[in-house]
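K.L.:
The structure's right below; bear with me while I get my questions together.
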Amino acid sequence: MPKKTLTFALMDAPYESANLTTAFRILDAAARRGHDINVFAYEGAAGLAFARQAPHPNPVHGKNLAEENHPTTKDQVAALLVEAAKNGGKVDWVNCGMCVDERGVNEFVAGTRRGSPADFQAFTDASYNTLVIPTK
Amino acid sequence: MAHYLLIESRDPFESNDVGYYYELAKGLVDAGNGVTLLLVQNGVLAARPSAHSAALSALRRSGVEVLADDFSLRERGISTLADGVAAAPIDIVVDHLEAGHKTLWH
């Protein structure tokens, strides 16, 4: 299958919805196939790439930081960028500017950027296909 | 003829909206379109032989391809599927996007 540009819109906040687990699985599958991927992270999803997320131990379960191995969405975003590049694709990950300002999450992992809903319009215009994953 | 991938993430035991989404799938296939319904997350709970699985079997008989995400099934310990429902990897979503099919999420 020749490389295509696919756009995804995410809206769920980190650590709250199974939608994001499924979304990252779909994004990973697209990255492994070498497609170019656009992501518009809107509303709560604007926090997915927030750089100051930190993993934590779980004292209730008696696990230290390493044992808990707590995943962060910022690491998942970074891993997606690496996986796409490894397979000849690229990821343009846009964090909604108003959304990050509202939430105070305007420090992003490298390789992602600030933008606006106009970027989503441009993404869809330039993409072969688009999937919007809304909140419930 | 257009082809649609309808992704259902909700549990029909919890949300009556799921029934409307099944009706959308039926309506699209009756109108001459190709339709695949992919159950993900709690949407796969309907894939167990249960009070809600008859609706999925009926969709399959009407021409809708009914799939259930294998990861979501494993997470929920579901190994026996209702008639007309087949397990599929999440890569199926990318297959449809690559093919230019209209892909909707509920």
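K.L.:
Comparing B:28, B:39, B:56, which has the greatest mean-square fluctuation in the GNM of chain B with Cα pairs linked when under 10 Å apart?
P.N.:
B:28
K.L.:
Sticking with this structure for a sec: When chain A is modelled as a GNM with alpha-carbon springs shorter than 10 Å, which of A:78, A:18, A:49 fluctuates the most?
P.N.:
Most flexible of the set in this elastic network: A:18.
K.L.:
On to the next question. Report, as a whole number in µm² per second, the diffusion coefficient that Stokes-Einstein gives for segment B:4-43 at 37 °C and 0.692 mPa s using the Kirkwood radius over alpha carbon pairs. Before the final figure, lay out each step's value.
P.N.:
Details: Rh = 10.3 Å.
Result for D is 320 µm²/s.
K.L.:
Same structure, new question: Given the convex hull over the Cα atoms of segment A:1-45, what projected area results after averaging over all orientations, in nm²? Walk me through the numbers before you get to the answer.
P.N.:
Values: hull surface 11.8 nm².
Mean projected area for segment A:1-45: 2.9 nm², to one decimal.
K.L.:
Considering all alpha-carbon pairs of the protein assembly as shown, what whole percent are spaced by more than 31 angstrom?
P.N.:
On the way: 8005 of 29161 pairs.
Percentage above 31 Å: 27.
K.L.:
A further question on this structure: Separation between the residue A:118 and residue A:66 pseudo-spin-labels, each 7 Å from Cα along Cα→Cβ, expressed in nm?
P.N.:
Those two pseudo-labels are separated by 4.9 nm.
K.L.:
Taking chain A as a Gaussian network, where each spring joins two C-alpha atoms under 10 Å apart, which residue of A:71, A:55, A:14 fluctuates the most?
P.N.:
With Cα springs under 10 Å in chain A, the top fluctuation among A:71, A:55, A:14 is at A:55.
K.L.:
Write down the Kirkwood hydrodynamic radius of segment A:42-136, to one decimal in angstroms, obtained as one divided by the mean of 1/r over all alpha carbon pairs. It would help to have the intermediate numbers written out before the result.
P.N.:
Numbers: mean 1/r = 0.0665 Å⁻¹.
By the Kirkwood definition, the hydrodynamic radius is 15.0 Å.
K.L.:
Using 0.36 nm per residue of separation minus the Cα-Cα distance, give me the extension gain between residue A:87 and residue A:32 in nm, one decimal. List each step's numbers first, then the result.
P.N.:
Details: separation 55, 0.36 × 55 = 19.80 nm, distance 0.61 nm.
Between residue A:87 and residue A:32, full extension yields 19.2 nm more.
K.L.:
Moving on. To check you understand DSSP bridge types, tell me what percent of the beta bridges within the protein assembly as shown (both residues inside) are antiparallel, rounded to 5.
P.N.:
On the way: 2 of 40 bridges.
In the protein assembly as shown, DSSP labels about 5 percent of beta bridges as antiparallel.
K.L.:
Over all directions, the average projected area of the alpha-carbon convex hull for segment B:3-105 comes to how many nm²? Walk me through the numbers on the way to the answer.
P.N.:
Numbers: hull surface 22.4 nm².
About 5.6 nm², averaged over all directions.
Laboratory data are not the source of any read-out in this text; all were calculated from the coordinates shown. Given the structure is predicted, the values throughout are model-derived calculations rather than measurements. Because the Cβ atoms are built from the backbone with ideal geometry, glycine has one as well, and the counts that use them run over all protein chains shown.
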